[in-house]
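All remarks here apply to the structure that follows.
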Amino acid sequence: MEQAAKKAKSAPTKANGNGHGEQQHQQQELWPSVRASFTAMNTVNPIRDLVDTMDIKGNPDKRMIALSIGDPTVFGNLPKSPASTNAVITALKSGKCDGYPHSAGYPASRKALAEYFSTDGLKYDLEDVVIASGCSGALDLAIEVFNRVGGNMLIPEPGFSLYKTLGIAKGLDMRAYQLLPDKSWEIDLADMEAKIDENTLAIIVNNPSNPCGSVYSEEHIKALIEVAARHKVPIIADEVYANMTFGRKFVPLASLAHNVPVLSCGGLAKRFLVPGWRVGWVLIHDPVNAFTENVRPGLLKLTQHILGANSLMQGAIPSMLKDTKPEFFSSVLSHLKENAELVCSMLEQAPGLTPIMPAGAMYLMVKLEPSMYKDIKDDRDFTQKLITEQSVFCLPASVFGSPNFFRIVTTIPKAQMMTAMERIIEFAKAHADQ
Ligand SMILES: Cc1ncc(COP(=O)(O)O)c(C=O)c1O
């Protein structure tokens with residue numbers, strides 16, 4: 001406070017605005033530094049922190065290729081579906097999407113989502129859907145509705161860094177459970193179970209996974225649900241990459257959860273290629289009536305913090321879901337699969353690198369063996385030197401909690417992906433310890 005007070009200076013001379021050009025001197029009152037909240041001060045974004053410390057200038061002789069950005073629109077090669085454009089235009093022209101929607105979303109949009117995600121064994125009604133501002137907003141609602149002082153939540157490692165960002169800012173203890181690279185990134189269920197205690201408020205599961213690109217089998221999903229059931233802990237299922245699979249069928253976790261309540265979080269961002277539209281949702285699945293008394297009304301109350309998500313984009317949901325052609329989704333998936341296969345086949349020639357073939361989402365992880373190189377310490381060192389020498393930017397997976405891996409985004413145009421892989425091979429050979 002003293003520091004801040006010392007720094008305060010007299011206000012600069014200013015015109016007083018009365019039209020006579022009269023100058024006034026004012027002594028500014030001394031103010032202490034105003035404190036920001038616990039939430040603000042404890043909000044940490046590991047990816048931002050890392051990027052801020054990296055030197056991302058690159059080799060001036062080579063154009064930078066960013067394999068680091070989880071936004072499928074940045075290269076312009078994956079345009080959104082015409083059905084999405086038409087849906088927004090229609091919503092805009094209707095004049096019916098300009099006011100405040102219900103804070104949990106327009107009933108027609110909630111109903112459309114409920115129908116879209118209902119399957120033979122899983123039925124959602126309008127009341128089971130809460131529309132949020134992006135899947136991030138949905139995750140924020142889901143984590144907040146369970147939040148309690150002294151509580152903890154379980155999160156995957158490697159995992160999407162937002163879980164930690166949100167949980168820690170809310171004062172929660174976010175405990176990592178391990179995913180197993182040698183088992184296509186399945187959950188180490190013994191590790192998960194060992195991390196549960198009487199203060200565990202929820203288990204966060206991400207399938208398909210960012211950063212791994214893994215997709216769980218039905219058996220594995222059943223097994224993880226069993227763990228949650230044994231300890232009576234609800235699940236938050238982050239399924240923002242739902243149906244974005246090419247190696248294996250996507251199975252919604254809630255469809256197998258007959259004895260565990262689940263909040264499934266999703267959004268339009270990735271599958272519909274419109275992350276900036278900020279549309280997400282929470283689907284409430286409660287086969288054991290554990291959410292009726294508190295969690296359901298709690299979620300609705302929380303939506304009132306922002307008076308609901310963007311009305312225009314919500315208004316577009318029903319026709320986007322109805323009119324987007326299956327070929328749109330399948331062509332995006334083919335692109336993701338072909339790029340993943342290209343990476344896996346090319347990186348076989350790179351000493352010290354083992355790519356793990358994904359089955360979904362838009363990422364894959366590459367394992368790195370620093371002992372194979374003469375001068376590479378770890379994932380950060382590898383990715384930094386790769387930028388400097390080859391102008392290829394991959395995210396070191398220590399930002400996801402897994403050092404000695406790095407993540408590659410598979411949305412980029414194929415020709416650029418090929419060039420990037422050639423450069424990585426050249427880099428790995430140049431640094432190999434032979
Ligand atoms: C696993 C995962 N969940 C949630 C999100 C956030 O999605 P949205 O852009 O809809 O907020 C992302 C974004 O990258 C993600 O990878």
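The values are calculated or read from the model by the stated rules, or taken from the named source; none is laboratory data. On a predicted model such as this, the values are computed, not experimentally measured, just so you know. Neighbour counts run over all protein chains shown; Cβ positions are idealised from the backbone, glycine included.
Which of the following residues is within 16 Å of the ligand (Cβ to nearest atom) and in a loop (DSSP other than H, G, I, E, B): PRO156, PRO211?
PRO211
If I ask for residues that are part of a strand (DSSP E or B) and of a type outside the set (Gly, Ala, Ser), which ones from the stretch 163-180 would you list?
Listed by number, the residues that qualify are ASP173, MET174, ARG175, TYR177, GLN178, LEU179, LEU180.
Looking only at the stretch 191-201, decide whether some residue is within 25 Å of ALA290 (Cβ to Cβ), of a type outside the set (S, T, N, Q) and within 16 Å of the ligand (Cβ to nearest atom).
There is no residue in the stretch 191-201 that is within 25 Å of ALA290 (Cβ to Cβ), of a type outside the set (S, T, N, Q) and within 16 Å of the ligand (Cβ to nearest atom).
May I ask you to list pairs of residues, at least six apart or on different chains, whose Cβ atoms are under 7 Å apart, with the first in the stretch 364-379 being closer than 17 Å to ARG407 by Cβ and not assigned by TED's automatic domain parsing to the domain that holds VAL51 and the second being modelled with pLDDT of 95 or more and among the small types (Gly, Ala, Ser)?
Once the first residue is closer than 17 Å to ARG407 by Cβ and not assigned by TED's automatic domain parsing to the domain that holds VAL51 and sits in the stretch 364-379, no partner that is modelled with pLDDT of 95 or more and among the small types (Gly, Ala, Ser) comes close enough.
Do you know which residues across the stretch 385-418 are part of a helix (DSSP H, G or I) and surrounded by fewer than 18 Cβ atoms within 10 Å (Cβ to Cβ)?
Selection gives LYS385, THR388, GLU389, LYS414, ALA415, GLN416, MET418.
Starting from the stretch 278-303, take each residue that is more than 16 Å from GLY134 (Cα to Cα) and list its partners that are at pLDDT 95 or above and within 16 Å of the ligand (Cβ to nearest atom), counting only C-beta distances under 6 angstrom and pairs at least six apart or across chains.
That search, which allows pairs on different chains as well, returns HIS285/VAL262.
Hey, among the residues in the stretch 117-128 that are in contact (Cβ under 8 Å) with a residue 24 or more places away in the chain and not in a helix (DSSP H, G or I), which one's farthest from the ligand (Cβ to nearest atom)?
Only one residue tops the list, namely GLY121.
Report yes if PRO326 is of a type outside the set (D, E, K, R) and crowded, with 22+ Cβ neighbours inside 10 Å, otherwise no.
Judged against the criteria, PRO326 is not a match.
Could you please let me know if THR53 is outside the structural domain of THR292 (by TED's automatic domain parsing), modelled with pLDDT under 95, surrounded by fewer than 18 Cβ atoms within 10 Å (Cβ to Cβ) and of a type outside the set (A, V, I, L, M)?
yes
Restricting attention to the stretch 342-371, report how many residues are part of a helix (DSSP H, G or I) and surrounded by 15 or more Cβ atoms within 10 Å (Cβ to Cβ).
Count: 6.
Checking the condition among the hydrophobic types (A, V, I, L, M, F, W, C), more than 19 Å from ASN294 (Cα to Cα), out of contact with any Pro (no Cβ under 9 Å at 6 or more places or on another chain) and not in a loop (DSSP other than H, G, I, E, B), which residue from ALA114, ALA108 passes?
ALA114
Within the stretch 275-293, is even one residue under 18 Å from LEU336 (Cβ atoms) and either touching a strand residue (DSSP E or B) at 6+ places or on another chain (Cβ under 9 Å) or not small (Gly, Ala, Ser) (or both)?
yes
Could you please let me know if ARG148 is of a type in the set (Lys, Arg), in the same structural domain as THR303 (by TED's automatic domain parsing) and within 17 Å of VAL240 (Cα to Cα)?
no
Please find, among ASP125, ASP182, ASP120, the residue that is over 28 Å from GLU198 (Cα atoms) and modelled with pLDDT under 95.
Selected residue: ASP120, the only one of ASP125, ASP182, ASP120 that is over 28 Å from GLU198 (Cα atoms) and modelled with pLDDT under 95.
Pull out all pairs, ordered by first then second residue, where Cβ-Cβ is under 7 Å, the residues are six or more apart or on different chains, the first lies in the stretch 129-150 and is assigned to a helix (DSSP H, G or I), and the second is among the aromatic types (Phe, Trp, Tyr).
ALA138/TRP281
Can you spot a residue in the stretch 129-143 that is away from the ligand (no atom under 16 Å from the Cβ) and modelled with pLDDT of 95 or more?
No, the stretch 129-143 has no match at all.
Quick check on my filter: what residues within the stretch 243-254 are within 19 Å of the chain's Cα centre (by Cα) and surrounded by 24 or more Cβ atoms within 10 Å (Cβ to Cβ)?
Listed by number, the list holds a single entry, LEU253.
Within the stretch 181-189, is there a residue that is of a type in the set (Gly, Ala, Ser), touching a residue at least 60 places away in the same chain (Cβ under 8 Å), part of a strand (DSSP E or B) and not assigned by TED's automatic domain parsing to the domain that holds ARG407?
Checked against the condition, which is being of a type in the set (Gly, Ala, Ser), touching a residue at least 60 places away in the same chain (Cβ under 8 Å), part of a strand (DSSP E or B) and not assigned by TED's automatic domain parsing to the domain that holds ARG407, the stretch 181-189 yields no hits at all.
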